[in-house]
Amino acid sequence: MKKLLATTTALSLALTAAASAETTMGIVVKIGGIPWFNAMEDGIRERAAELGVSAEMIGPTSADPALQVRAIEDLIARGVDVIGVVPNDEVALEPILRRAMEAGIRVIAHEGPGLENVDWNFEMASADGFGEAHAQLLCEKVEEPGSFAVFVGSLTVPLHNAWADAAVAWIAENCADKLTLVGERFGVAENVDDSRSTALDLLTANSDLRGFLAFGSQGPIGAGRAIEERRLGGQVHVLGPFSPGQGQRLVHAGILSGGFMWNPAEAGRVFVTLGNMVANGEEIADGTMVEGLGAVTPDAATRNIITDNLLEINASTVDDLAAMGL
C-alpha cells in the first residue's frame, strides 16, 4: 500500500509539474468585438489547442491606449509567460512593456514595428509594400482627376500611419496628375459610424472627391456605407483592408473597390507559435521556419520579422475569403 501511495504521489507531482510548465500567454489587441479580431481570436484558440498551451485574447471596449496598458498590467500581475500586443499607441505602451520584460515575461508584438521593449514584432506585409499596393490600385481605378482622403485607425496607430505615409508618397510621385490629398488624415478607421460620418462630411465639402484609402478594418466599411447612401458606387472608390465577410455585399454591389489584407486568423496562430518558441528559449535566426510566416529573415537590431503574405480582396476572391471565416 505504501508503495502504491508513493507511486500515486509521484505521478500526481509529475502531472502538477507538467501542468505548471504549460506556457501561458495573453494577447492584447486594439479593440474587441469586430470581425478582424474575432478571426484573430479563432486563430489564437486553434493554435493554442494544437500546441497544448494556454492562450487568451483580450480585446478592449474601445481603441484607447490606456485600456491596453491596463490589460497588460493585469497580465503582468497574473505572471503569464508571454504577452502579445497589437498596439494602438507605441509610445504609450513602451513603459508597461518594459515592466513586463523586467518581470521576465516575453513580449511579442504585431503591427508595432517601432516598439523597442519586445522580443519580436512580426508583420505579414511590409509597411511600404502594403501602402503602395493600395495607392497603385486607387490610381488605376480613378478615371477623372480629383482628390482623395486617407483614414487611419487613429493618429497614434503606428502601422496604419506607416501605410498611409507610403501610400501618400507613392501617389505624390506616381499619380499626382490625377490625385491630390484632402487635408491630412482622419483617425476614424476603427469605427464604422465615425468613418461613415466623416466620409459623408468630406463628400459634401469636396465635389471632386474620387476615393478613400481607409487603413483600419472598419474604415472601408463605414466609408462604403457613405458612398452607398450617396449612390456614388463606381464614381468614388473605397479601398483598404477589411474583413471579407463584413464587406462582401459592398464588394459585389460595386461600393468597395477592393484592397489587400493578410489573414488575421493566421496572425493569431503566429502569435501563439512565436510566443511559445521564445518562451521555450528557441532562437529565431535567419532561415528559422515559423509556421504561418515561413522561413524568416529577422532583423535583430529592430526586433522585426517582416514577411509578405498579402491576399487581394476583390469581387473574384471575396466569397472564398469570407467562406474561410475571414
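Here are the numbers:
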| item | result |
| --- | --- |
| The stretch 257-304, accessible surface, carbon-and-sulfur percent (1.4 angstrom probe) | 47 percent |
| Counting all C-alpha pairs of the chain, share separated by more than 27 Å (%) | 45 percent |
| Residue-normalised accessible area of the stretch 56-189, expressed per residue, 1.4 Å probe, Å² | 39 Å² |
| Sorted largest first, extent of the stretch 96-254 alpha carbons per principal axis (Å) | 55, 32, 26 |
| Residue among 138, 149, 176 farthest towards the positive dipole end of the stretch 129-180, charges placed on Cβ | 149 |
| Convex hull volume per residue for the stretch 216-271, taking Cα atoms only, in Å³ | 64 Å³ |
| Computed [θ] at 222 nm, deg cm²/dmol, the chain (DSSP H ≥ 4; -39,500 (n - 2.57); rounded to nearest 500) | -15000 deg cm²/dmol |
| Added length on full extension, which subtracts the Cα-Cα distance from 0.36 nm per residue, residue 116 to residue 174 | 17.5 nm |
| Charge dipole (debye, nearest 20) of the chain; +1 at Cβ of Lys and Arg, -1 at Cβ of Asp and Glu | 960 debye |
| Among beta bridges that DSSP assigns inside the chain, antiparallel share in %, nearest 5 | 15 percent |
| Filtered GluC sites (Glu not before Pro), the stretch 73-182: DSSP coil and at most 11 other beta carbons within 10 Å | 143 |
| Neighbourhood charge, 15 Å Cβ-Cβ cut-off, centred on residue 248 and excluding it, Lys, Arg +1 and Asp, Glu -1 | -2 |
| Net length gained if the chain between residue 102 and residue 301 were fully extended (0.36 nm per residue, minus Cα distance) | 69.7 nm |
| Nonlocal amide H pairs with residue 313, under 5 Å, H built at 1.01 Å | 259, 260, 261 |
| Residue 143-residue 323 FRET efficiency (beta carbon distance; Förster radius 30 Å; 0.05 resolution) | 0.40 |
| Whole-angstrom gap from the stretch 244-313 to the stretch 104-180, using each part's C-alpha centre | 16 Å |
| Local electrostatic count at residue 126 - Lys and Arg +1, Asp and Glu -1, tallied over other residues with Cβ under 10 Å | -4 |
| Restricting the stretch 231-301 to GluC sites (Glu not before Pro) in coil, as DSSP defines it, with at most 12 other Cβ within 10 Å | 282, 283 |
| Cα-projected label distance for residue 229 with residue 73, points at 7 Å along beta-carbon direction, nm | 3.8 nm |
| Extension reserve of the residue 92-residue 312 stretch, reckoned as 0.36 nm per residue once the Cα distance is removed | 76.0 nm |
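The values are calculated or read from the model by the stated rules, or taken from the named source; none is laboratory data. Treat the numbers as computed from the prediction; the structure is a model and nothing was measured. We place every Cβ from the backbone using ideal geometry, glycine too, and count neighbours over all the protein chains shown. Accessible surface areas use protein heavy atoms only, side chains included; no ligands, DNA or RNA. Shrake-Rupley method; radii C 1.70, N 1.55, O 1.52, S 1.80 Å.
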